[in-house]
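A short worksheet on the structure shown next.
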Amino acid sequence: MQSQFPAIARIRCVTFKPNMMRHSLVSLATLIFAAILIAPAQQPAQPAVTQAVLAGRMIDVRTGQVHTHAYILIAGDRIQSIAESAPAGIPVTDLSTYTVLPGLIDAHGHILSNPTSQSFADALRTSIPQSTIWGVYNLRIWLDHGFTSVRDACEGPADYPQFALREAQQRGVILGPRITAAGSCISVAGGHADGAPLSPDLELPRGRNVADTVDDIDHVVRRDIKYGADWIKLMATGGVMDSVSDFHVQELSEAQMAEAVAVAHRAGKKVMAHAEGAVGIKAAVRAGVDSIEHGTMLDEEGAELMEQHHTWLVPTLYCFQHDMETGLSKGRDPASFAKGKEIIAAQGPAFKLALAHHIRIVYGTDDDDVDEASSKEFGALVRGGLSNIGALQAATINAATMLGKDNDVGTLEPGRYADVIAVKGDPLSDITVMEHVAFVMQGGRIIKDPAHPDRNPVIHIQ
Ligand SMILES: [Zn+2]
């Protein structure tokens, strides 16, 4: 059987003759000319409109302009056009007393999180099936808050439940945002995502996510990609939620991060870096990562570097603020809480520096309690100095562009998925109205409808 392959190769390597090209060009031209003669003069037919949404006010997140009394005409699961009227005889969802926006995108979630506990002991006793069920729950909550897309920013289990959830959502087996997923949380031993902070005599098997050398990086990144990662997640510095790492210091080396970027980009994947301390932020940016997560201690030099490299920033401001309110009430390790108290002072000045350098901001919550926190990053971004339209763009067109999915999501434009949400009031004058999303449509399917609250399939636990 092997002998067939050289034969195929020889066919493809047949000697090129100029005449062959000329003959093919002549026949191609004849074909095109014939096609023009045969084809009818009109444009190709638009897909038939199956339903419409009437928006009292519709925010164009690309320009910041507001359109009043606009009809979003939908064909199947995508937007066909925006019009002043709807064709007769199709169902129209009347949102004439609402402000309508594109479905939101949360670009920093941890799908498998248990929203009721921050206890490390609880985490040790949580099975992967239990985490996966939390994932199913969290995804519904995101959708209920208007998030029709989410990027998972890495998970612990080595068998990638986030990819299973992504595929289940795609096939309609479970309800939730469209998922773009990172693989494992790539970390040095003893770093932010080592995941095994026990005493030496209780040492756990080395995690599949641990990389101490450049060669280790190749193995871990290739493993993530092999099993389906859309993004690679690197721990450039220590973090806050674990009890052992130091968020001030760099963890993965610049050479390791540059290797991860090279391997990922070669495979058409992108790279995100958790980075809190200034030295680690700069190393990650120089290494070529696509997005910096948190950037909590960004300094002037780092902001300049991010501007030069067009690095995205996902500042996740609210989760740090929310953690101060939660305190130790959900079983958090006091050492981790002490780190949180220290770092919270840095986030305001760092975010102002990012804005001064026109770094592109993307919305991300990074909070285990999706129900409580997912909508509150809007307020935190605006309190931090971003404009209201800037905050809306962070959760729509900016996030979609960073994900490379701006032809599918992030705006209400022809060809995009009919992912449509609505709020009472005007988020351009009061951003907190985004905390009360009243209507959610995903791919033309109504998930949440103020006219039919009994049909909302989302349950909220205490
Ligand atoms: Zn995170």
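The values are calculated or read from the model by the stated rules, or taken from the named source; none is laboratory data. Nothing here was measured: the structure is a model prediction, and the numbers come from that model. A quick note on method: Cβ atoms are made from the backbone with ideal geometry, for glycine too, and the neighbour counts reach across all protein chains shown.
Structure summary
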item: Residue match in the range 307-316 (condition: over 17 Å from the mean Cα position of the chain (by Cα) and within 16 Å of the ligand (Cβ to nearest atom)); result: no
item: Boolean, Ile461 is closer than 30 Å to Ser119 by Cβ and not acidic (Asp, Glu); result: yes
item: Subset of the range 317-326 (residues that are under 20 Å from the mean Cα position of the chain (by Cα) and either over 13 Å from Asp369 (Cβ atoms) or aromatic (Phe, Trp, Tyr) (or both)); result: Leu317, Tyr318, Phe320
item: Gly410 being away from the ligand (no atom under 16 Å from the Cβ), assigned to a loop (DSSP other than H, G, I, E, B) and not basic (Lys, Arg); result: yes
item: Residue within the range 272-289 that is within 16 Å of the ligand (Cβ to nearest atom), free of Cβ contacts under 8 Å to residues at least 60 places away in the same chain and not small (Gly, Ala, Ser) present; result: yes
item: Contacts under 6 angstrom Cβ, first residue in the range 56-83 being in contact (Cβ under 8 Å) with a residue 12 or more places away in the chain, partner of a type in the set (Lys, Arg), 6 or more apart; result: Val66/Arg57; Thr68/Arg57; Ile79/Arg416
item: Among the candidates Arg360, Arg383, residue that is of a type outside the set (A, V, I, L, M, F, W, C), assigned by TED's automatic domain parsing to the domain that holds His274 and touching a helix residue (DSSP H, G or I) at 6+ places or on another chain (Cβ under 7 Å); result: Arg360
item: Ser291 surrounded by fewer than 24 Cβ atoms within 10 Å (Cβ to Cβ), at negative phi and in the same structural domain as His192 (by TED's automatic domain parsing); result: no
item: Number of the exception - Ile90 against (1) more than 16 Å from the ligand (Cβ to nearest atom); (2) part of a helix (DSSP H, G or I); (3) among the hydrophobic types (A, V, I, L, M, F, W, C); (4) surrounded by fewer than 19 Cβ atoms within 10 Å (Cβ to Cβ); result: (2)
item: Unique match (being assigned by TED's automatic domain parsing to the domain that holds Phe247, of a type outside the set (Val, Ile, Thr), surrounded by 15 or more Cβ atoms within 10 Å (Cβ to Cβ) and in a loop (DSSP other than H, G, I, E, B)) among Lys330, Lys339; result: Lys330
item: Pairs where the first residue, in the range 212-227, is within 17 Å of Gly268 (Cβ to Cβ) and the second is β-branched (Val, Ile, Thr) and not in a helix (DSSP H, G or I), C-beta under 7 Å, 6+ apart; result: Val221/Ile232; Asp224/Ile232
item: Filter pass, Glu259 being of a type outside the set (A, V, I, L, M, F, W, C) and farther than 24 Å from Leu355 by Cα; result: yes
item: Single match in Ile105, Ile141 (criterion: in contact with a Ser or Thr (Cβ under 8 Å, 6 or more places away or on another chain), more than 30 Å from Leu204 (Cβ to Cβ) and part of a helix (DSSP H, G or I)); result: Ile141
item: Count - residues of the range 413-433 that are assigned to a loop (DSSP other than H, G, I, E, B) and touching a residue at least 60 places away in the same chain (Cβ under 8 Å); result: 11
item: Counted residues, the range 130-143 - those being closer than 13 Å to Ile174 by Cα, within 16 Å of the ligand (Cβ to nearest atom) and without any contact (Cβ under 8 Å) to a residue 40 or more places away in the chain; result: 2
item: Criterion: over 19 Å from the mean Cα position of the chain (by Cα) and either in contact (Cβ under 8 Å) with a residue 24 or more places away in the chain or within 16 Å of the ligand (Cβ to nearest atom) (or both) - qualifying residue of Ser149, Ser117, Ser127; result: Ser117
item: Residue in the range 144-177 that is farthest from Pro102 (Cα to Cα), counting only those that are surrounded by fewer than 24 Cβ atoms within 10 Å (Cβ to Cβ) and aliphatic (A, V, I, L, M); result: Ala158
item: Residue match in the range 355-363 (condition: under 22 Å from the mean Cα position of the chain (by Cα) and more than 23 Å from Asp299 (Cβ to Cβ)); result: yes
item: So Pro200, is it in contact with an Asp or Glu (Cβ under 8 Å, 6 or more places away or on another chain), more than 20 Å from Arg223 (Cα to Cα) and not hydroxyl-bearing (Ser, Thr, Tyr); result: no
item: Residue in the range 38-51 that is closer than 25 Å to Gly176 by Cβ, at pLDDT 95 or above and away from the ligand (no atom under 16 Å from the Cβ) present; result: yes
item: Residues of the range 98-112 classified as under 21 Å from Tyr318 (Cβ atoms) and either within 16 Å of the ligand (Cβ to nearest atom) or surrounded by fewer than 24 Cβ atoms within 10 Å (Cβ to Cβ) (or both), total; result: 8
item: Total residues in the range 228-246, condition in contact (Cβ under 8 Å) with a residue 60 or more places away in the chain and in contact with a helix residue (DSSP H, G or I) (Cβ under 6 Å, 6 or more places away or on another chain); result: 4
